[in-house]
Amino acid sequence: MRTRSFLILFLILTIVTAVNILPKEKFIIDKFEKYIKASLMEWDVPGIAVGIMYNGYIILGKGYGYRDLEQKLPVNRYTLFPIGSSSKAFTSFVVGKLVDEKLLDWYDPVKMHLKDFELYDPWVTENFRLVDLLIHNSGLPRHDLVWYGSDRSREELVKGIKYLKNNKGLRTSFQYQDLMYMTAGYLSGQVKGSTWEELIKEYIFTPIEMEGSNISVEESEKTDNYALPYVEKDGDITRIPFYREMKAIGPAGSINSNIYDMLKWVKLQLDKGMWKGKRVISEKNLKKIHTPHIVAGETIVEIFEKFDEISYPTYGLGWFINHYRGTNLIHHGGNIDGFSALVTFVPEIEAGVVILTNKGSNLLTYATAFHIYDKLRGLKKIDWNGRFKTVLEERKKRKALEAKKAMENKKVEEGPGDPYNVLVGTYNNPAYGGIVISQKEGKLFVKFHKFESSLKHAGGNDFQLEMSDMKGLEIKFIKNSDGNITGISAPLQQGVDNIIFTKK
C-alpha cells in the first residue's frame with residue numbers, strides 16, 4: 001500500500017512540475033461544479049474548460065460538458081480549443097521579445113521595417129509607429145471582410161491596406177483592428193528572417209512548454225482531443241464547420257490551446273516574464289504590454305459600462321485593462337466561428353482564470369470568470385449570468401429595431417433595372433478582392449470570398465443576398481454616364497462609404 005501511495009504521489013508531482021496545485025480546501029470545487037453545470041444549461045453551451053490559478057497554484061483545471069455534442073465526447077483539461085483574439089497577446093509578446101533583442105523599438109516607424117507598408121493617408125503612413133499596430137488606434141474601422149473568408153496571403157493583405165479609407169484620425173480613438181495585428185506579426189517575421197508562426201514557437205511555446213498548443217485547425221484535427229464548433233440558430237444549438245481561412249490573419253487570432261497550456265501562459269504573466277527561474281521576456285517590456293495605452297471602446301464598453309463594479313476599460317498591447325470590484329483585471333476575449341474564449345489575470349491577488357468554450361459569441365466566459373474572482377476574494381455573490389443575458393437580450397432587441405427602421409427609411413429605385421446578363425461579370429476591389437456575379441435559371445448569384453448566395457431583386461439595380469452569413473446585405477450595380485454597368489457598391493463596413501468593386 002505504501003509503495004502504491006508513493007507511486008501516486010510521484011505521478012502527481014510529475015504532472016505539476018511547471019505549476020503547483022493548491023489543496024481543494026482553498027476553493028470549494030463541489031459548489032463550483034454545480035454552478036458551472038447549471039451555467040452550461042443556462043447559456044446552452046455544449047462544453048467548457050475552466051482553469052484557475054491562485055497564489056501560484058492551480059486550484060482547478062478541468063473540462064465540463066462535451067467537446068463533441070453529437071458523440072457525447074467530454075471536454076477535459078487537454079481538449080484543444082481555438083482561443084481567437086486572445087492570440088493577440090502572443091503577438092505583442094513576440095514584438096516585445098524583438099525589442100529585447102534590439103531588432104525593434106516600440107516607436108520605430110513601421111515603414112522602417114516594412115518598405116511596402118502604406119495607409120490611405122500618406123501622413124499617417126509616415127508617422128505610424130510599431131506600437132500603433134498593437135493599440136487599435138490607426139483610424140481604420142475593422143474592415144473584417146477584407147480577410148474573413150479570403151484565401152489571399154498575409155503579404156497580399158498587408159499590401160492591400162493602403163486602399164482602405166480611415167474614418168478617424170491617427171491616435172484619436174479606439175477601433176478594434178485585426179489587420180494591424182496581422183501586420184505586426186508579418187513585420188516580426190520579416191525582421192527576424194522567419195515567420196510569425198515560428199517565432200510563436202521559439203519565443204513562447206517552447207520556453208514555457210506549451211506542448212499541446214498549435215497554430216492551425218488542421219494541426220488540432222490530427223489529435224484525438226479537440227472541441228467542435230457550435231452556434232445558436234433559431235433557438236437550436238447547431239454544429240458548424242471550422243473557420244479554416246486563418247493562416248493569413250493568424251497573428252490576430254489563430255492559436256489553439258488547452259486549459260493546462262493556457263495556465264502556463266497566465267503564470268508567465270503573473271511571474272513578470274519568468275519561467276522556472278529563467279527570464280523569458282524582460283520585465284520592462286512585459287510591463288509595457290500590460291500598461292494602458294488608450295481608452296477602449298466598442299462592444300466591450302457597451303456591456304461593461306452598465307455595471308458599477310466594472311471600470312471603463314483601457315487597452316494595453318494585446319490586453320484589455322480595467323478595475324473589477326477594486327482590483328486590476330487584465331484580460332482578453334477571443335471569438336471565432338463556434339468558439340468563445342477568455343484569458344484573464346489579477347496581479348494584486350496573483351490569480352488567473354482561463355475559460356474556453358465551444359459556442360460562438362457567448363458571455364458565459366466573463367460571467368464565469370467574475371464568479372470565480374468573487375469567490376476567491378470572498379465577495380458578495382452577483383448573478384453575472386442573469387445580468388449579461390439581460391444586456392444581450394436588450395442589445396438584440398435594439399439591433400432588430402434599428403434594422404427595421406433602416407428598411408423603412410430605405411429609398412429603393414423603382415423599375416426593373418438592367419437585364420441580368422448585363423450585370424454578370426467579375427468585379428474587383430484592391431483591398432477586398434473580387435466579387436463574381438453569375439446567372440442561372442433566370443436568377444442572379446453572387447460569390448465573394450467563401451460566401452455564395454442567390455440575389456433577390458429589390459428594385460432597379462438593387463439586390464439583396466438571400467443566403468449565407470451575409471443574408472440581407474444590399475448591393476447596388478453602378479452605371480456610368482453612358483448607361484454602362486461599371487461596378488458594384490456594397491456596405492461592407494459601417495462608418496465608411498460603401499465599398500466599390502469595379503467591373504473588369
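Scanning the stretch 245-270 for residues that are closer than 16 Å to Ile355 by Cβ and among the aliphatic types (A, V, I, L, M), which turns out surrounded by the fewest Cβ atoms within 10 Å (Cβ to Cβ)?
Filtering the stretch 245-270 for residues that are closer than 16 Å to Ile355 by Cβ and among the aliphatic types (A, V, I, L, M), the one surrounded by the fewest Cβ atoms within 10 Å (Cβ to Cβ) comes out as Val266.
From the list Asp121, Asp132, Asp105, exactly one residue is touching a residue at least 12 places away in the same chain (Cβ under 8 Å) and over 23 Å from Ile289 (Cα atoms). Which is it? Walk me through it before giving the result.
Details: Asp132 fails: over 23 Å from Ile289 (Cα atoms); Asp105 fails: over 23 Å from Ile289 (Cα atoms).
Of Asp121, Asp132, Asp105, the one residue that is touching a residue at least 12 places away in the same chain (Cβ under 8 Å) and over 23 Å from Ile289 (Cα atoms) is Asp121.
Considering only the stretch 283-303, state which residues are among the acidic types (Asp, Glu) and under 17 Å from Asn137 (Cβ atoms).
Keep residues of the stretch 283-303 that are among the acidic types (Asp, Glu), which gives 283, 298, 302.
Glu298 - this is the single residue of the stretch 283-303 that is among the acidic types (Asp, Glu) and under 17 Å from Asn137 (Cβ atoms).
Please work out if Asp337 is surrounded by fewer than 18 Cβ atoms within 10 Å (Cβ to Cβ) and of a type in the set (Asp, Glu).
Considered against the rule, which asks whether it is surrounded by fewer than 18 Cβ atoms within 10 Å (Cβ to Cβ) and of a type in the set (Asp, Glu), Asp337 comes out as no.
Considering only the stretch 99-112, I want to know if a residue exists there that is within 22 Å of Pro491 (Cα to Cα) and surrounded by fewer than 18 Cβ atoms within 10 Å (Cβ to Cβ).
Within the stretch 99-112, the first condition is being within 22 Å of Pro491 (Cα to Cα), and the residues that meet it are none.
No, there is no match, as no residue in the stretch 99-112 is within 22 Å of Pro491 (Cα to Cα) and surrounded by fewer than 18 Cβ atoms within 10 Å (Cβ to Cβ).
Confirm whether Ser254 is assigned to a loop (DSSP other than H, G, I, E, B) and either closer than 24 Å to Asn429 by Cβ or not β-branched (Val, Ile, Thr) (or both). Please lay out each step first, then the result.
Details: assigned to a loop (DSSP other than H, G, I, E, B): yes; either closer than 24 Å to Asn429 by Cβ or not β-branched (Val, Ile, Thr) (or both): yes.
Yes, satisfied.
I need the full set of residues from the stretch 252-268 which are closer than 30 Å to Val158 by Cα and polar (S, T, N, Q), in order please.
Initial filter on the stretch 252-268 (closer than 30 Å to Val158 by Cα): 252-257, 262, 265.
Within the stretch 252-268, Ser254, Asn256, Ser257 meet the criteria.
Filter the stretch 225-245 down to the residues that are over 20 Å from Ala49 (Cβ atoms) and part of a loop (DSSP other than H, G, I, E, B) and list them by number.
Selection gives Asp234, Gly235, Pro241, Arg244, Glu245.
In this structure, does Ala227 turn out to be over 18 Å from Glu298 (Cβ atoms), touching a helix residue (DSSP H, G or I) at 6+ places or on another chain (Cβ under 6 Å) and of a type outside the set (Ser, Thr, Tyr)?
Working: over 18 Å from Glu298 (Cβ atoms): yes; touching a helix residue (DSSP H, G or I) at 6+ places or on another chain (Cβ under 6 Å): no; of a type outside the set (Ser, Thr, Tyr): yes.
No; evaluated as a whole, the condition is false for this residue.
Looking at Leu98, Leu103, which is the one that is part of a helix (DSSP H, G or I) and either more than 30 Å from Asn428 (Cα to Cα) or at pLDDT below 95 (or both)? Working first, answer last.
Details: Leu103 fails: part of a helix (DSSP H, G or I).
Answer to the selection: Leu98.
Need the failing condition index for Ile58 against (1) assigned to a loop (DSSP other than H, G, I, E, B); (2) at pLDDT below 95, just the number.
The failed condition is (1).
Taking the conditions exactly as written (within 20 Å of Gln177 (Cβ to Cβ) and touching a residue at least 12 places away in the same chain (Cβ under 8 Å)), does Tyr54 satisfy them or not? Walk me through it before giving the result.
Details: within 20 Å of Gln177 (Cβ to Cβ): no; touching a residue at least 12 places away in the same chain (Cβ under 8 Å): yes.
No.
Pairs please, first residue from the stretch 141-152 and on the phi > 0 side of the Ramachandran plot, second anywhere and part of a helix (DSSP H, G or I) and among the hydrophobic types (A, V, I, L, M, F, W, C), Cβ atoms under 9 Å, 6+ apart in sequence or on different chains.
Cβ pairs passing all conditions: His143/Ile161; His143/Leu179.
For the stretch 108-118, what are the residues that are in contact (Cβ under 8 Å) with a residue 24 or more places away in the chain and either in a helix (DSSP H, G or I) or within 14 Å of Lys165 (Cβ to Cβ) (or both)? Walk me through how you get there before you give the answer.
Step one: of the stretch 108-118, the residues in contact (Cβ under 8 Å) with a residue 24 or more places away in the chain are 110, 113-114, 116-118.
Selection gives Val110, His113, Glu118.
Condition check ((1) under 20 Å from the mean Cα position of the chain (by Cα); (2) under 27 Å from Ile330 (Cα atoms); (3) not hydroxyl-bearing (Ser, Thr, Tyr)) across all residues:
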{"site": "Ser220", "(1), (2), (3)": "yes, no, no"}
{"site": "Asp236", "(1), (2), (3)": "no, no, yes"}
{"site": "Met246", "(1), (2), (3)": "yes, yes, yes"}
{"site": "Ala252", "(1), (2), (3)": "yes, yes, yes"}
{"site": "Asn258", "(1), (2), (3)": "yes, yes, yes"}
{"site": "Trp275", "(1), (2), (3)": "no, yes, yes"}
{"site": "Ile281", "(1), (2), (3)": "no, yes, yes"}
{"site": "Asn285", "(1), (2), (3)": "no, yes, yes"}
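State yes or no: is Asn421 assigned to a helix (DSSP H, G or I) and closer than 30 Å to Leu363 by Cα? Talk me through it step by step, then tell me what you get.
Working: assigned to a helix (DSSP H, G or I): yes; closer than 30 Å to Leu363 by Cα: no.
For Asn421, the condition - assigned to a helix (DSSP H, G or I) and closer than 30 Å to Leu363 by Cα - is not met.
I want to confirm something. Restricting to the stretch 61-97 and keeping residues that are crowded, with 23+ Cβ neighbours inside 10 Å and among the polar types (S, T, N, Q), which single residue is nearest to Ile48 (Cα to Cα)?
Step by step, filter the stretch 61-97, then rank; the result is Thr79.
For the stretch 139-216, which helices (runs of 4 or more DSSP H) that fit wholly inside it have 3 or more residues that are among the aliphatic types (A, V, I, L, M) and more than 15 Å from the chain's Cα centre (by Cα)? Reasoning before the result, please.
Numbers: elements: 154-160, 178-192, 196-200.
In the stretch 139-216, the matching helices (runs of 4 or more DSSP H) lie at 178-192.
Please list, ordered by residue number, the strands (runs of 3 or more DSSP E) wholly in the stretch 424-498 having 1 or more residues that are surrounded by 14 or more Cβ atoms within 10 Å (Cβ to Cβ) and among the acidic types (Asp, Glu).
Numbers: elements: 425-429, 433-440, 443-448, 451-457, 462-465, 474-479, 485-490.
Filter on the stretch 424-498 gives 451-457, 462-465, 474-479.
Only one of Tyr163, Tyr203 is among the hydroxyl-bearing types (Ser, Thr, Tyr), assigned by TED's automatic domain parsing to the domain that holds Lys278, buried (at least 18 other Cβ atoms within 10 Å of the Cβ) and at negative phi; which? Walk me through how you get there before you give the answer.
Numbers: Tyr163 fails: buried (at least 18 other Cβ atoms within 10 Å of the Cβ).
Criteria check complete, one pass: Tyr203.
Hey, could you check the stretch 283-321 for residues that are within 22 Å of Ala341 (Cβ to Cβ) and without any contact (Cβ under 8 Å) to a residue 24 or more places away in the chain and say which is surrounded by the fewest Cβ atoms within 10 Å (Cβ to Cβ)?
In this case the residue turns out to be Thr299.
The values are calculated or read from the model by the stated rules, or taken from the named source; none is laboratory data. The shown structure was predicted, so the numbers you read here are calculated from the model rather than taken from an experiment. Cβ coordinates were reconstructed from backbone atoms using ideal geometry, including for glycine residues, and neighbour counts include every protein chain displayed.
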